[in-house]
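Structure first, commentary second.
The values are calculated or read from the model by the stated rules, or taken from the named source; none is laboratory data. Remember, predicted model here, so these are calculated numbers, not experimental data. Positions of Cβ are generated from backbone atoms using ideal geometry, with glycine treated the same way; all protein chains shown enter the neighbour counts. Calculation scope for accessible area: heavy atoms of the full protein, side chains included, ligands and nucleic acids excluded. Shrake-Rupley method; radii C 1.70, N 1.55, O 1.52, S 1.80 Å.
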Amino acid sequence: MLTLHDTATGDVAPLRLRTPGRVSLYVCGPTVDGVPHLGHGRMSLVFDVLRRYLLFTGLDVTYVSNVTDIEDKIIDRAAAQGIDIAEFTATNEALWWEIMDALGVLRPDETPHATAYVDRMIDLVADLVGRGVAYETSDGVYLSVMDVPGYGLLARQPLDSLRAGARVEADEEKRSPLDFVLWKKAKTGEPSWEAPWGAGRPGWHTECVVMSLDLLGEGFELHGGGIDLMFPHHENERAQAVATGREFARHWMHNGWVTMDGEKMSKSLGNFTSLADLLARNDARAYRLLVLRSHYRSPIEVTPDTIADAESGLARLDEVGRRFDLPDLLASGPVVDPGAAGDGSGPAAQPADVDAEAVARFRARMDDDLDTPGALATVFDLVRQANAAADAGDEPGSRRAAATVALLCAALGLRFRSDEGSEVDEASAELVRLRDEARAAKDWARADALRGELESAGWSVEDGPTGTRIRRQ
RNA sequence: GGCGGCGUGGCCGAGUGGUUUAGGCAGGGGCCUGCAAAGCCCCGUACGGCGGUUCGAUUCCGCCCGCCGCCUCCA
(Lines give C-alpha, C1' and ligand atoms only; values in the text may rest on other atoms or scores of the structure.)
Protein backbone atom coordinates (compact mmCIF):
# COMPACT_ATOMS: atom_id res chain seq x y z
CA MET A 1 0.00 0.00 0.00
CA LEU A 2 1.17 3.45 -0.86
CA THR A 3 2.42 5.62 1.97
CA LEU A 4 2.77 9.37 1.59
CA HIS A 5 4.12 12.22 3.60
CA ASP A 6 1.13 14.03 5.12
CA THR A 7 1.63 17.77 5.48
CA ALA A 8 -0.87 17.87 8.32
CA THR A 9 1.09 15.50 10.52
CA GLY A 10 4.59 15.66 9.11
CA ASP A 11 4.67 11.87 8.98
CA VAL A 12 4.73 9.37 6.18
CA ALA A 13 1.56 7.33 6.53
CA PRO A 14 -0.61 5.02 4.44
CA LEU A 15 -3.48 6.59 2.55
CA ARG A 16 -6.65 5.81 4.46
CA LEU A 17 -9.31 4.85 1.95
CA ARG A 18 -12.99 5.50 2.53
CA THR A 19 -13.90 2.58 0.34
CA PRO A 20 -11.53 -0.27 -0.40
CA GLY A 21 -10.22 -0.12 -3.92
CA ARG A 22 -11.24 3.49 -4.56
CA VAL A 23 -9.33 6.71 -4.07
CA SER A 24 -10.25 10.33 -4.74
CA LEU A 25 -7.78 13.11 -5.35
CA TYR A 26 -8.31 16.83 -5.49
CA VAL A 27 -5.39 18.81 -6.83
CA CYS A 28 -5.38 22.58 -6.99
CA GLY A 29 -5.06 23.52 -10.62
CA PRO A 30 -4.06 26.72 -12.33
CA THR A 31 -5.31 30.25 -12.07
CA VAL A 32 -5.58 30.98 -15.76
CA ASP A 33 -4.05 34.44 -15.61
CA GLY A 34 -1.12 33.82 -17.92
CA VAL A 35 1.19 31.24 -19.42
CA PRO A 36 1.98 28.07 -17.50
CA HIS A 37 5.55 27.81 -16.25
CA LEU A 38 7.90 25.06 -15.12
CA GLY A 39 6.44 25.10 -11.62
CA HIS A 40 2.99 24.29 -12.93
CA GLY A 41 4.58 21.59 -15.02
CA ARG A 42 6.25 19.97 -12.08
CA MET A 43 3.07 19.99 -10.03
CA SER A 44 1.11 18.50 -12.91
CA LEU A 45 3.72 15.82 -13.53
CA VAL A 46 4.06 14.89 -9.87
CA PHE A 47 0.34 14.37 -9.48
CA ASP A 48 0.06 12.70 -12.87
CA VAL A 49 2.66 10.19 -11.73
CA LEU A 50 0.83 9.69 -8.44
CA ARG A 51 -2.43 9.17 -10.27
CA ARG A 52 -0.93 6.77 -12.79
CA TYR A 53 0.78 4.83 -10.03
CA LEU A 54 -2.45 4.46 -8.08
CA LEU A 55 -4.09 3.20 -11.27
CA PHE A 56 -1.13 0.90 -11.83
CA THR A 57 -1.70 -0.72 -8.46
CA GLY A 58 -5.26 -1.51 -9.47
CA LEU A 59 -7.11 1.25 -7.64
CA ASP A 60 -10.12 3.03 -9.04
CA VAL A 61 -9.04 6.68 -9.08
CA THR A 62 -11.13 9.82 -9.31
CA TYR A 63 -9.01 12.85 -10.06
CA VAL A 64 -10.43 16.34 -9.81
CA SER A 65 -8.46 19.48 -10.58
CA ASN A 66 -9.97 22.92 -10.77
CA VAL A 67 -9.48 25.93 -12.97
CA THR A 68 -9.61 29.29 -11.24
CA ASP A 69 -11.15 31.61 -13.77
CA ILE A 70 -12.07 34.60 -11.66
CA GLU A 71 -9.47 36.39 -9.60
CA ASP A 72 -7.87 39.82 -9.21
CA LYS A 73 -5.02 39.38 -11.64
CA ILE A 74 -7.34 37.95 -14.24
CA ILE A 75 -9.50 41.03 -13.96
CA ASP A 76 -6.51 43.35 -14.16
CA ARG A 77 -4.82 41.65 -17.07
CA ALA A 78 -7.93 41.21 -19.15
CA ALA A 79 -8.65 44.91 -18.63
CA ALA A 80 -5.09 45.82 -19.53
CA GLN A 81 -5.42 43.90 -22.76
CA GLY A 82 -8.85 45.35 -23.34
CA ILE A 83 -10.50 41.99 -23.75
CA ASP A 84 -13.37 40.24 -22.14
CA ILE A 85 -12.54 38.20 -19.04
CA ALA A 86 -14.17 35.06 -20.39
CA GLU A 87 -12.15 35.34 -23.57
CA PHE A 88 -8.95 35.98 -21.61
CA THR A 89 -9.41 32.95 -19.37
CA ALA A 90 -10.55 30.72 -22.23
CA THR A 91 -7.40 31.52 -24.17
CA ASN A 92 -5.15 30.79 -21.23
CA GLU A 93 -6.99 27.65 -20.35
CA ALA A 94 -6.73 26.32 -23.90
CA LEU A 95 -2.99 26.85 -23.75
CA TRP A 96 -2.87 25.07 -20.42
CA TRP A 97 -4.50 21.92 -21.78
CA GLU A 98 -2.44 21.99 -24.92
CA ILE A 99 0.70 21.97 -22.82
CA MET A 100 -0.60 19.35 -20.40
CA ASP A 101 -1.31 17.09 -23.37
CA ALA A 102 2.19 17.66 -24.66
CA LEU A 103 3.60 16.70 -21.27
CA GLY A 104 1.59 13.50 -21.33
CA VAL A 105 -0.46 14.56 -18.31
CA LEU A 106 -3.81 12.80 -18.19
CA ARG A 107 -6.83 15.07 -18.24
CA PRO A 108 -8.63 15.21 -14.89
CA ASP A 109 -11.86 13.27 -14.54
CA GLU A 110 -13.51 16.54 -13.57
CA THR A 111 -12.37 20.10 -14.10
CA PRO A 112 -14.61 22.41 -12.09
CA HIS A 113 -14.45 26.11 -12.85
CA ALA A 114 -14.83 28.66 -10.11
CA THR A 115 -17.31 30.74 -12.05
CA ALA A 116 -19.66 27.76 -12.30
CA TYR A 117 -19.73 27.38 -8.52
CA VAL A 118 -20.43 30.91 -7.35
CA ASP A 119 -23.94 30.10 -6.13
CA ARG A 120 -22.70 27.30 -3.96
CA MET A 121 -19.86 29.45 -2.69
CA ILE A 122 -22.39 32.06 -1.65
CA ASP A 123 -24.27 29.33 0.21
CA LEU A 124 -21.10 28.38 2.06
CA VAL A 125 -20.32 31.95 3.01
CA ALA A 126 -23.87 32.45 4.22
CA ASP A 127 -23.55 29.29 6.28
CA LEU A 128 -20.33 30.56 7.85
CA VAL A 129 -21.89 33.94 8.61
CA GLY A 130 -24.89 32.17 10.12
CA ARG A 131 -22.62 30.18 12.39
CA GLY A 132 -21.00 33.37 13.62
CA VAL A 133 -17.51 32.49 12.37
CA ALA A 134 -17.61 34.92 9.46
CA TYR A 135 -18.38 38.63 9.56
CA GLU A 136 -19.02 41.45 7.15
CA THR A 137 -16.89 44.55 6.78
CA SER A 138 -17.14 47.51 4.46
CA ASP A 139 -15.28 45.71 1.68
CA GLY A 140 -16.25 42.10 2.14
CA VAL A 141 -16.96 39.10 4.30
CA TYR A 142 -14.15 37.52 6.33
CA LEU A 143 -13.61 34.28 8.16
CA SER A 144 -12.53 34.67 11.76
CA VAL A 145 -9.63 32.27 12.08
CA MET A 146 -9.60 32.52 15.86
CA ASP A 147 -12.91 30.70 15.82
CA VAL A 148 -11.54 27.74 13.88
CA PRO A 149 -10.13 24.96 16.01
CA GLY A 150 -6.69 23.86 14.91
CA TYR A 151 -6.00 26.78 12.61
CA GLY A 152 -2.31 26.55 11.71
CA LEU A 153 -2.31 22.78 11.20
CA LEU A 154 -0.92 22.92 7.69
CA ALA A 155 1.32 25.89 8.37
CA ARG A 156 2.60 23.73 11.24
CA GLN A 157 2.57 26.75 13.48
CA PRO A 158 0.25 27.79 16.28
CA LEU A 159 -2.10 30.66 15.60
CA ASP A 160 -0.19 33.03 17.89
CA SER A 161 3.02 32.40 16.05
CA LEU A 162 1.40 33.00 12.70
CA ARG A 163 -0.17 36.18 13.96
CA ALA A 164 3.13 37.46 15.32
CA GLY A 165 4.75 37.07 11.95
CA ALA A 166 1.88 38.31 9.86
CA ARG A 167 3.11 40.58 7.11
CA VAL A 168 -0.26 41.64 5.86
CA GLU A 169 -1.03 45.27 6.26
CA ALA A 170 -3.32 46.10 9.14
CA ASP A 171 -6.99 46.36 8.36
CA GLU A 172 -8.86 48.09 11.16
CA GLU A 173 -12.04 46.23 10.39
CA LYS A 174 -10.56 42.75 10.57
CA ARG A 175 -10.67 40.97 13.88
CA SER A 176 -7.35 39.32 13.21
CA PRO A 177 -4.80 40.11 10.53
CA LEU A 178 -4.99 36.45 9.53
CA ASP A 179 -8.70 36.58 8.78
CA PHE A 180 -9.18 36.00 5.09
CA VAL A 181 -11.75 37.20 2.63
CA LEU A 182 -14.64 34.95 1.67
CA TRP A 183 -16.50 37.49 -0.40
CA LYS A 184 -15.11 40.59 -2.06
CA LYS A 185 -17.51 43.41 -2.64
CA ALA A 186 -17.24 44.66 -6.19
CA LYS A 187 -15.82 48.03 -7.08
CA THR A 188 -17.33 49.76 -10.05
CA GLY A 189 -16.60 48.04 -13.29
CA GLU A 190 -15.59 44.75 -11.74
CA PRO A 191 -17.36 41.54 -12.64
CA SER A 192 -19.79 40.56 -9.92
CA TRP A 193 -22.49 38.22 -8.73
CA GLU A 194 -25.42 39.18 -6.50
CA ALA A 195 -25.12 38.07 -2.89
CA PRO A 196 -26.66 38.95 0.50
CA TRP A 197 -23.67 41.20 1.19
CA GLY A 198 -23.94 43.06 -2.06
CA ALA A 199 -22.60 42.40 -5.52
CA GLY A 200 -19.14 40.93 -5.54
CA ARG A 201 -17.03 37.86 -6.16
CA PRO A 202 -15.80 34.98 -4.05
CA GLY A 203 -12.42 34.93 -2.36
CA TRP A 204 -9.93 32.47 -3.78
CA HIS A 205 -9.92 30.07 -0.83
CA THR A 206 -13.61 29.30 -1.05
CA GLU A 207 -13.85 27.67 -4.45
CA CYS A 208 -11.75 24.62 -3.69
CA VAL A 209 -13.66 23.72 -0.53
CA VAL A 210 -16.96 23.90 -2.33
CA MET A 211 -15.85 22.10 -5.47
CA SER A 212 -13.90 19.32 -3.76
CA LEU A 213 -16.68 18.52 -1.32
CA ASP A 214 -19.28 18.75 -4.05
CA LEU A 215 -17.49 16.42 -6.45
CA LEU A 216 -15.71 14.07 -4.06
CA GLY A 217 -17.76 14.24 -0.87
CA GLU A 218 -16.70 14.49 2.74
CA GLY A 219 -13.53 12.76 3.82
CA PHE A 220 -12.06 12.38 0.37
CA GLU A 221 -8.65 10.80 0.48
CA LEU A 222 -6.13 13.31 -0.73
CA HIS A 223 -5.77 17.00 -1.39
CA GLY A 224 -2.64 18.21 -3.07
CA GLY A 225 -0.86 21.02 -4.81
CA GLY A 226 2.34 22.97 -4.85
CA ILE A 227 3.97 23.63 -1.50
CA ASP A 228 3.20 27.32 -1.88
CA LEU A 229 -0.46 26.46 -1.46
CA MET A 230 0.12 24.83 1.91
CA PHE A 231 -0.37 28.13 3.65
CA PRO A 232 -2.53 30.06 3.47
CA HIS A 233 -4.59 28.54 0.66
CA HIS A 234 -5.02 25.01 1.92
CA GLU A 235 -5.07 26.12 5.53
CA ASN A 236 -7.97 28.40 4.69
CA GLU A 237 -9.83 25.79 2.71
CA ARG A 238 -9.58 23.46 5.63
CA ALA A 239 -10.67 26.20 8.02
CA GLN A 240 -13.90 26.68 6.11
CA ALA A 241 -14.68 22.98 6.08
CA VAL A 242 -13.87 22.64 9.77
CA ALA A 243 -15.99 25.68 10.60
CA THR A 244 -18.99 24.07 8.97
CA GLY A 245 -18.36 20.78 10.70
CA ARG A 246 -17.52 18.78 7.61
CA GLU A 247 -14.75 16.25 7.30
CA PHE A 248 -12.32 17.50 4.70
CA ALA A 249 -9.30 15.86 3.06
CA ARG A 250 -7.84 12.92 4.95
CA HIS A 251 -4.37 13.47 3.63
CA TRP A 252 -2.42 16.49 2.38
CA MET A 253 0.38 16.31 -0.12
CA HIS A 254 2.57 19.10 -1.46
CA ASN A 255 5.30 19.07 -4.04
CA GLY A 256 8.47 21.15 -3.82
CA TRP A 257 9.68 24.10 -5.79
CA VAL A 258 11.30 24.42 -9.13
CA THR A 259 14.31 26.63 -8.59
CA MET A 260 16.38 28.82 -10.86
CA ASP A 261 19.89 29.43 -9.60
CA GLY A 262 18.82 28.20 -6.22
CA GLU A 263 15.87 30.52 -5.85
CA LYS A 264 12.26 29.54 -6.11
CA MET A 265 10.62 30.12 -9.43
CA SER A 266 7.40 32.01 -9.14
CA LYS A 267 5.08 34.36 -10.85
CA SER A 268 5.71 37.02 -8.24
CA LEU A 269 9.50 36.92 -8.64
CA GLY A 270 9.10 36.87 -12.39
CA ASN A 271 12.00 34.43 -12.80
CA PHE A 272 10.01 31.75 -14.49
CA THR A 273 10.48 29.84 -17.70
CA SER A 274 7.30 29.04 -19.54
CA LEU A 275 6.51 25.47 -20.39
CA ALA A 276 5.98 26.51 -23.97
CA ASP A 277 9.60 27.67 -24.13
CA LEU A 278 10.80 24.42 -22.60
CA LEU A 279 8.76 22.33 -25.01
CA ALA A 280 10.02 24.33 -27.96
CA ARG A 281 13.58 23.38 -27.07
CA ASN A 282 13.37 19.99 -25.42
CA ASP A 283 11.68 16.65 -25.52
CA ALA A 284 8.63 16.86 -23.25
CA ARG A 285 9.56 13.48 -21.83
CA ALA A 286 12.85 14.90 -20.61
CA TYR A 287 11.01 17.15 -18.19
CA ARG A 288 9.03 14.21 -16.86
CA LEU A 289 12.24 12.26 -16.40
CA LEU A 290 13.87 15.24 -14.72
CA VAL A 291 10.94 15.53 -12.33
CA LEU A 292 11.01 11.79 -11.63
CA ARG A 293 14.71 11.85 -10.91
CA SER A 294 14.31 13.79 -7.71
CA HIS A 295 11.92 13.24 -4.84
CA TYR A 296 8.72 15.22 -5.21
CA ARG A 297 9.29 17.12 -1.98
CA SER A 298 12.81 18.26 -2.85
CA PRO A 299 13.46 21.40 -4.82
CA ILE A 300 14.57 20.77 -8.39
CA GLU A 301 16.93 22.94 -10.29
CA VAL A 302 15.98 23.18 -13.94
CA THR A 303 18.81 24.35 -16.15
CA PRO A 304 19.90 23.56 -19.70
CA ASP A 305 22.43 21.17 -18.12
CA THR A 306 19.95 19.21 -16.01
CA ILE A 307 17.56 18.94 -18.92
CA ALA A 308 20.31 17.81 -21.28
CA ASP A 309 21.26 15.25 -18.66
CA ALA A 310 17.70 13.95 -18.64
CA GLU A 311 17.65 13.81 -22.43
CA SER A 312 20.75 11.64 -22.37
CA GLY A 313 19.02 9.26 -19.98
CA LEU A 314 16.02 9.25 -22.25
CA ALA A 315 18.20 8.26 -25.17
CA ARG A 316 19.22 5.20 -23.22
CA LEU A 317 15.59 4.22 -22.71
CA ASP A 318 14.81 4.93 -26.34
CA GLU A 319 17.65 2.67 -27.41
CA VAL A 320 16.11 -0.20 -25.45
CA GLY A 321 12.77 0.57 -27.01
CA ARG A 322 14.30 0.33 -30.47
CA ARG A 323 16.53 -2.64 -29.80
CA PHE A 324 13.67 -4.75 -28.49
CA ASP A 325 10.96 -3.11 -30.54
CA LEU A 326 8.96 -2.42 -27.40
CA PRO A 327 5.30 -1.50 -27.78
CA ASP A 328 3.89 1.83 -26.71
CA LEU A 329 1.90 0.60 -23.74
CA LEU A 330 0.49 4.07 -23.18
CA ALA A 331 -1.21 4.22 -26.55
CA SER A 332 -4.43 2.99 -25.02
CA GLY A 333 -4.26 4.90 -21.75
CA PRO A 334 -2.77 4.29 -18.31
CA VAL A 335 -1.45 0.82 -17.60
CA VAL A 336 -2.38 -1.46 -14.74
CA ASP A 337 0.12 -3.80 -13.16
CA PRO A 338 -0.81 -7.15 -14.70
CA GLY A 339 -0.07 -8.69 -11.34
CA ALA A 340 -2.10 -6.17 -9.34
CA ALA A 341 -4.41 -7.70 -6.78
CA GLY A 342 -7.07 -5.14 -7.61
CA ASP A 343 -7.30 -3.36 -4.29
CA GLY A 344 -3.87 -1.82 -4.42
CA SER A 345 -2.73 -4.02 -1.57
CA GLY A 346 0.20 -5.49 -3.38
CA PRO A 347 1.52 -7.36 -6.34
CA ALA A 348 0.32 -10.83 -7.08
CA ALA A 349 1.74 -13.24 -9.62
CA GLN A 350 3.19 -11.56 -12.69
CA PRO A 351 2.87 -12.94 -16.17
CA ALA A 352 5.84 -15.03 -17.16
CA ASP A 353 7.13 -12.38 -19.55
CA VAL A 354 7.62 -9.80 -16.81
CA ASP A 355 10.26 -9.77 -14.09
CA ALA A 356 7.98 -10.00 -11.05
CA GLU A 357 10.80 -9.45 -8.63
CA ALA A 358 11.77 -6.20 -10.36
CA VAL A 359 8.17 -5.02 -10.38
CA ALA A 360 7.97 -5.72 -6.67
CA ARG A 361 11.14 -3.70 -6.07
CA PHE A 362 9.76 -0.87 -8.16
CA ARG A 363 6.51 -0.89 -6.22
CA ALA A 364 8.30 -0.98 -2.89
CA ARG A 365 10.16 2.18 -3.87
CA MET A 366 7.03 3.90 -5.11
CA ASP A 367 5.04 2.85 -2.05
CA ASP A 368 7.63 4.54 0.12
CA ASP A 369 6.37 8.09 -0.26
CA LEU A 370 6.65 7.98 -4.04
CA ASP A 371 10.41 7.42 -4.20
CA THR A 372 10.62 7.91 -7.93
CA PRO A 373 14.43 8.20 -7.97
CA GLY A 374 14.63 4.78 -6.36
CA ALA A 375 12.01 3.41 -8.72
CA LEU A 376 13.98 4.75 -11.68
CA ALA A 377 17.10 3.02 -10.41
CA THR A 378 15.16 -0.23 -10.76
CA VAL A 379 14.20 0.67 -14.30
CA PHE A 380 17.75 1.52 -15.34
CA ASP A 381 19.02 -1.66 -13.75
CA LEU A 382 16.61 -3.53 -15.98
CA VAL A 383 17.85 -1.62 -19.00
CA ARG A 384 21.36 -2.81 -18.31
CA GLN A 385 20.14 -6.35 -17.68
CA ALA A 386 18.20 -6.40 -20.93
CA ASN A 387 21.18 -5.21 -22.96
CA ALA A 388 23.64 -7.47 -21.19
CA ALA A 389 21.42 -10.51 -21.62
CA ALA A 390 20.94 -9.71 -25.29
CA ASP A 391 24.70 -9.29 -25.76
CA ALA A 392 25.16 -12.69 -24.15
CA GLY A 393 22.61 -14.27 -26.45
CA ASP A 394 20.03 -14.82 -23.73
CA GLU A 395 16.93 -14.09 -25.79
CA PRO A 396 14.21 -14.93 -23.21
CA GLY A 397 16.04 -13.15 -20.41
CA SER A 398 16.61 -10.02 -22.42
CA ARG A 399 13.03 -9.92 -23.65
CA ARG A 400 11.73 -10.30 -20.15
CA ALA A 401 13.88 -7.48 -18.78
CA ALA A 402 13.00 -5.23 -21.70
CA ALA A 403 9.28 -5.94 -21.38
CA THR A 404 9.53 -5.02 -17.72
CA VAL A 405 11.22 -1.75 -18.63
CA ALA A 406 8.31 -0.98 -20.93
CA LEU A 407 5.79 -1.80 -18.22
CA LEU A 408 7.46 0.29 -15.54
CA CYS A 409 8.05 3.26 -17.81
CA ALA A 410 4.40 3.15 -18.73
CA ALA A 411 3.50 3.09 -15.03
CA LEU A 412 5.37 6.37 -14.72
CA GLY A 413 3.82 7.83 -17.84
CA LEU A 414 7.12 7.74 -19.73
CA ARG A 415 6.61 6.68 -23.29
CA PHE A 416 9.20 5.41 -25.67
CA ARG A 417 9.86 7.60 -28.62
CA SER A 418 7.93 6.40 -31.58
CA ASP A 419 9.82 6.29 -34.83
CA GLU A 420 7.60 8.95 -36.29
CA GLY A 421 9.65 11.49 -38.18
CA SER A 422 12.27 8.86 -38.81
CA GLU A 423 11.04 7.78 -42.21
CA VAL A 424 14.05 7.54 -44.44
CA ASP A 425 13.80 9.69 -47.54
CA GLU A 426 14.93 8.36 -50.92
CA ALA A 427 18.13 10.38 -51.03
CA SER A 428 19.24 9.18 -47.60
CA ALA A 429 18.32 5.59 -48.41
CA GLU A 430 20.55 5.86 -51.48
CA LEU A 431 23.45 7.07 -49.32
CA VAL A 432 22.93 4.09 -47.03
CA ARG A 433 23.01 1.74 -50.04
CA LEU A 434 26.19 3.32 -51.32
CA ARG A 435 27.74 3.09 -47.89
CA ASP A 436 26.94 -0.61 -47.60
CA GLU A 437 28.55 -1.14 -51.00
CA ALA A 438 31.63 0.80 -49.98
CA ARG A 439 31.92 -1.16 -46.77
CA ALA A 440 31.51 -4.45 -48.62
CA ALA A 441 34.32 -3.33 -50.90
CA LYS A 442 36.33 -2.26 -47.82
CA ASP A 443 36.52 1.23 -49.27
CA TRP A 444 36.74 2.81 -45.80
CA ALA A 445 37.50 6.32 -46.99
CA ARG A 446 34.32 6.37 -49.05
CA ALA A 447 32.31 4.73 -46.27
CA ASP A 448 33.47 7.38 -43.81
CA ALA A 449 32.66 10.17 -46.24
CA LEU A 450 29.15 8.82 -46.72
CA ARG A 451 28.69 8.57 -42.97
CA GLY A 452 29.74 12.20 -42.73
CA GLU A 453 27.13 13.16 -45.29
CA LEU A 454 24.39 11.31 -43.46
CA GLU A 455 25.38 12.79 -40.13
CA SER A 456 25.38 16.30 -41.44
CA ALA A 457 21.91 15.60 -42.77
CA GLY A 458 20.84 14.92 -39.20
CA TRP A 459 21.06 11.14 -39.12
CA SER A 460 22.74 8.98 -36.55
CA VAL A 461 24.58 6.16 -38.25
CA GLU A 462 25.04 2.68 -36.80
CA ASP A 463 26.60 -0.30 -38.52
CA GLY A 464 25.17 -3.62 -37.54
CA PRO A 465 25.41 -7.20 -38.77
CA THR A 466 22.67 -6.49 -41.32
CA GLY A 467 24.28 -3.35 -42.63
CA THR A 468 24.02 0.33 -41.95
CA ARG A 469 21.08 1.59 -39.98
CA ILE A 470 20.23 5.25 -39.65
CA ARG A 471 17.87 7.11 -37.36
CA ARG A 472 17.12 10.70 -36.55
CA GLN A 473 19.54 12.25 -34.09
C1' G B 1 11.06 37.71 15.57
C1' G B 2 8.46 32.66 14.93
C1' C B 3 8.51 28.05 12.11
C1' G B 4 10.56 24.57 8.63
C1' G B 5 13.84 22.25 4.92
C1' C B 6 18.54 21.28 2.98
C1' G B 7 24.23 20.63 2.73
C1' U B 8 26.42 13.14 -0.36
C1' G B 9 31.95 11.54 -5.06
C1' G B 10 33.03 16.28 -11.61
C1' C B 11 27.45 17.26 -12.06
C1' C B 12 22.32 15.55 -10.83
C1' G B 13 20.37 12.64 -7.06
C1' A B 14 18.57 8.26 -3.56
C1' G B 15 19.73 5.66 0.76
C1' U B 16 21.72 3.37 5.22
C1' G B 17 24.34 2.60 12.28
C1' G B 18 29.12 -1.82 10.32
C1' U B 19 29.08 -6.95 5.88
C1' U B 20 29.63 -5.57 -2.51
C1' U B 21 27.89 -1.47 -5.03
C1' A B 22 21.75 3.22 -5.36
C1' G B 23 20.80 5.04 -10.24
C1' G B 24 21.61 8.65 -14.22
C1' C B 25 24.95 12.05 -16.79
C1' A B 26 29.94 13.33 -17.71
C1' G B 27 35.13 11.16 -17.44
C1' G B 28 39.10 7.15 -17.66
C1' G B 29 40.45 1.96 -19.08
C1' G B 30 38.87 -2.50 -21.68
C1' C B 31 35.63 -5.72 -25.03
C1' C B 32 33.07 -5.29 -29.63
C1' U B 33 33.82 -2.43 -34.56
C1' G B 34 37.70 -1.49 -40.66
C1' C B 35 37.06 3.13 -37.75
C1' A B 36 32.88 4.72 -35.28
C1' A B 37 28.03 4.58 -32.95
C1' A B 38 25.09 1.71 -29.76
C1' G B 39 25.82 -1.98 -26.09
C1' C B 40 28.61 -4.67 -22.31
C1' C B 41 32.65 -5.06 -18.37
C1' C B 42 35.89 -2.39 -14.91
C1' C B 43 37.21 2.30 -12.30
C1' G B 44 36.47 7.11 -8.92
C1' U B 45 36.20 5.25 -2.83
C1' A B 46 31.55 10.71 -1.38
C1' C B 47 28.63 11.93 2.63
C1' G B 48 29.48 20.78 5.45
C1' G B 49 32.53 21.67 10.39
C1' C B 50 33.33 20.53 15.68
C1' G B 51 32.04 17.62 19.71
C1' G B 52 29.04 13.53 21.97
C1' U B 53 26.60 8.52 22.27
C1' U B 54 28.49 3.71 20.32
C1' C B 55 32.87 -1.70 19.74
C1' G B 56 31.76 1.18 15.18
C1' A B 57 28.30 7.13 12.35
C1' U B 58 27.64 9.72 6.32
C1' U B 59 23.36 7.52 9.00
C1' C B 60 21.47 9.01 16.24
C1' C B 61 22.23 13.61 19.72
C1' G B 62 24.18 18.67 20.55
C1' C B 63 26.49 22.97 18.82
C1' C B 64 28.41 25.78 14.74
C1' C B 65 28.80 27.31 9.58
C1' G B 66 26.45 27.82 4.86
C1' C B 67 22.18 27.78 1.54
C1' C B 68 16.91 27.92 0.85
C1' G B 69 11.84 28.49 2.10
C1' C B 70 7.17 29.79 4.84
C1' C B 71 4.64 33.47 8.22
C1' U B 72 1.35 38.34 1.58
C1' C B 73 -0.39 36.63 -4.28
C1' C B 74 2.18 32.17 -6.18
C1' A B 75 2.13 25.04 -8.61
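Taking the stretch A:1-108 as the region of interest, the strands (runs of 3 or more DSSP E) fully inside it that hold 1 or more residues being under 19 Å from the mean Cα position of the chain (by Cα) and away from RNA strand B (no atom under 13 Å from the Cβ) are A:22-27, A:60-65. Taken across the stretch A:177-200, residues that are under 21 Å from A:SER268 (Cβ atoms), among the charged types (D, E, K, R) and either within 29 Å of the chain's Cα centre (by Cα) or near RNA strand B (Cβ under 9 Å from one of its atoms) (or both) do not occur at all. When A:LEU382, A:LEU454 are screened for being surrounded by 13 or more Cβ atoms within 10 Å (Cβ to Cβ), within 12 Å of RNA strand B (Cβ to nearest atom) and modelled with pLDDT of 95 or more, only A:LEU382 passes.
Among residues of the stretch A:209-224 that are polar (S, T, N, Q), those with a Cβ under 9 angstrom from a residue that is not in a loop (DSSP other than H, G, I, E, B), sequence gap 6+ or separate chain, pair up as A:SER212/A:SER24; A:SER212/A:TYR26; A:SER212/A:VAL64; A:SER212/A:HIS223; A:SER212/A:GLU237; A:SER212/A:ALA241.
Within the stretch A:371-400, the set of residues being over 20 Å from A:TYR53 (Cα atoms) and among the hydrophobic types (A, V, I, L, M, F, W, C) comprises A:VAL383, A:ALA386, A:ALA388, A:ALA389, A:ALA390, A:ALA392. Scanning the stretch A:140-163 for residues that are farther than 27 Å from A:HIS5 by Cβ and exposed (fewer than 15 other Cβ atoms within 10 Å of the Cβ) gives a single hit, A:MET146.
Of the residues making up the stretch A:228-260, those that are without any contact (Cβ under 8 Å) to a residue 40 or more places away in the chain and more than 9 Å from RNA strand B (Cβ to nearest atom) number 6.
Of the conditions (1) touching a Phe, Trp or Tyr at 6+ places or on another chain (Cβ under 9 Å); (2) open to solvent by less than 50 Å² (accessible area, probe 1.4 Å); (3) over 18 Å from A:GLY413 (Cβ atoms); (4) of a type outside the set (Phe, Trp, Tyr), A:ARG250 satisfies every one except a single condition; which number is it? For A:ARG250, the exception is condition (2).
Does A:THR111 satisfy being open to solvent by 20 Å² or more (accessible area, probe 1.4 Å) and either hydroxyl-bearing (Ser, Thr, Tyr) or within 13 Å of RNA strand B (Cβ to nearest atom) (or both)? It is true that A:THR111 is open to solvent by 20 Å² or more (accessible area, probe 1.4 Å) and either hydroxyl-bearing (Ser, Thr, Tyr) or within 13 Å of RNA strand B (Cβ to nearest atom) (or both).
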